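The values are calculated or read from the model by the stated rules, or taken from the named source; none is laboratory data. Just so we're clear, the structure is a prediction, and the values are computed from it rather than from any experiment. We place every Cβ from the backbone using ideal geometry, glycine too, and count neighbours over all the protein chains shown. Side chains included, ligands, DNA and RNA excluded: accessible areas come from the protein's heavy atoms. Shrake-Rupley method; radii C 1.70, N 1.55, O 1.52, S 1.80 Å.
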Amino acid sequence: MSNITFKLNNDEAIIGLCGRVDSTNAADLENGIKNYLNSNPHTSLTADLEKLEYISSAGLRVILRLCKDEKKFCLINASSEVYEILEMTGFTEMIPVKKAYRRISVDGCEIIGRGAMGTVYRLDEDIIVKVYNESVSPDDINRERELARKAFVLGIPTAIPFDVVKVGNAYGSVFELLKAKSFAELIIAAPAELDKYIDLSVELMKTIHSTAVRENDLPAFKNKAVGTAQKLKAFLPADKAEKFRKMAEAIPDTNTMVHGDLHIKNIMMQNGEILLIDMDTLGRGHPVFEFEAIFQAYIAYSEIDKNNTCDFFGIRYETAEKIWKETLRRYFRDKDEAYIAEISDKISLLGYASLFCWFIGENANPEGYEKALTDAYMKRILELIDKVDGFEFE
């Protein structure tokens, strides 16, 4: 049959409806579906409507009978026109229905940022889109949208995506940021104003850290630190691994909001208003986790290649180093240099350790660049672990 396709994905049967389904072909289509389902054991049924242009009442009756026969049944990729039919006839109240994602192209668009989860493009003066890696699912994206919404409700200046789109084989979140520029772009354009943007970043950080969240609202960063300690056992001498474990487990489990990736590419300025993007890292915990991520972005990622800051931020390593040091000094404005140096060692140890474990991943014997990098991180870890007696600070 030309208007239907079949696929079995583990225990999920997937039927694809194409073209028009009406009284002229509904009976044949239903017989074809039933014959396929009877011949292929399955636990759930999904009808993919991406290529369905129209469905009549006869086609809807086929859907209704499938709904009654199948324990788990859903419809996906319904176009706006088909979704409207399903909604008007009450099917959206009986069956889970997911609308199709609008498709866009980023060909020729300016890249304004890259991260572990994806790439941010400027579509025009008003709109940017964060295109996630193909491994990131729509559920992951919706989770980030929900985190952004929670932060916004709590008073954090957050850019909330208004749409999820399809970009090639990947998905993206669309933001309206009218003529907005990142702090990185603003610093590049006006280097003499660097201190201004450091002050604004620190002020924003303090606003975030003064915001308390409920325990179940955001994931706990402490779990990541404890996981890092567990992984380090295979690489550190037993006494040092045990010391790191105890320090990680002693980090206060607070309900302080932490952005988790608060660098100059994730802070935007729009008509004098600051807005945060990239909320997938949002969590709760001690502020040491915020500083850990900032240290990694400005310093640790460039441990063996100082050009990384230029490639990522568009600024020289010396500028990134200044941002890092001044961020510490201004956040702890009432503390002396000895105290700040002590804090820096704590943050650096935690940052190097988590990056070491991230780069090692499942590969205990990295090669090439990754081996050089993990060797450099381990050297730093061994230098710092005897100097540091705990990760927390006031």
Query raised in the report: Could we say that ALA353 is in contact with a helix residue (DSSP H, G or I) (Cβ under 8 Å, 6 or more places away or on another chain) and either in a loop (DSSP other than H, G, I, E, B) or in contact (Cβ under 8 Å) with a residue 24 or more places away in the chain (or both) here?
Result: yes
Query raised in the report: Within the stretch 302-329, restricting attention to residues that are within 12 Å of ILE264 (Cβ to Cβ) and among the small types (Gly, Ala, Ser), which residue is modelled with the lowest pLDDT?
Result: GLY314
Query raised in the report: Among (1) closer than 25 Å to VAL388 by Cβ; (2) open to solvent by 30 Å² or more (accessible area, probe 1.4 Å), which single condition is LYS371 missing?
Result: (1)
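Filter the stretch 176-210 for residues that are hydroxyl-bearing (Ser, Thr, Tyr) and outside any loop (DSSP other than H, G, I, E, B); which is most open to solvent (accessible area, probe 1.4 Å)?
THR207
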Query - Checking ASN25 against (1) out of contact with any Leu (no Cβ under 8 Å at 6 or more places or on another chain); (2) farther than 19 Å from ARG61 by Cβ; (3) buried (at least 17 other Cβ atoms within 10 Å of the Cβ), the condition it does not meet - result: (2)
Query raised in the report: Pick from PHE313, PHE332, PHE291, PHE359: which is closer than 23 Å to ASP375 by Cα and open to solvent by less than 20 Å² (accessible area, probe 1.4 Å)?
Result: PHE291
Report summary line: Log entry, pairs with first residue in the stretch 247-276 being open to solvent by 30 Å² or more (accessible area, probe 1.4 Å), second being assigned to a strand (DSSP E or B) and of a type outside the set (Gly, Ala, Ser), beta carbons closer than 6 Å, six or more apart or on different chains, reads ASN255/ARG284; MET269/LYS181
Query - Tally, over the stretch 37-54, of residues that are in a helix (DSSP H, G or I) and under 19 Å from ASN3 (Cβ atoms) - result: 1
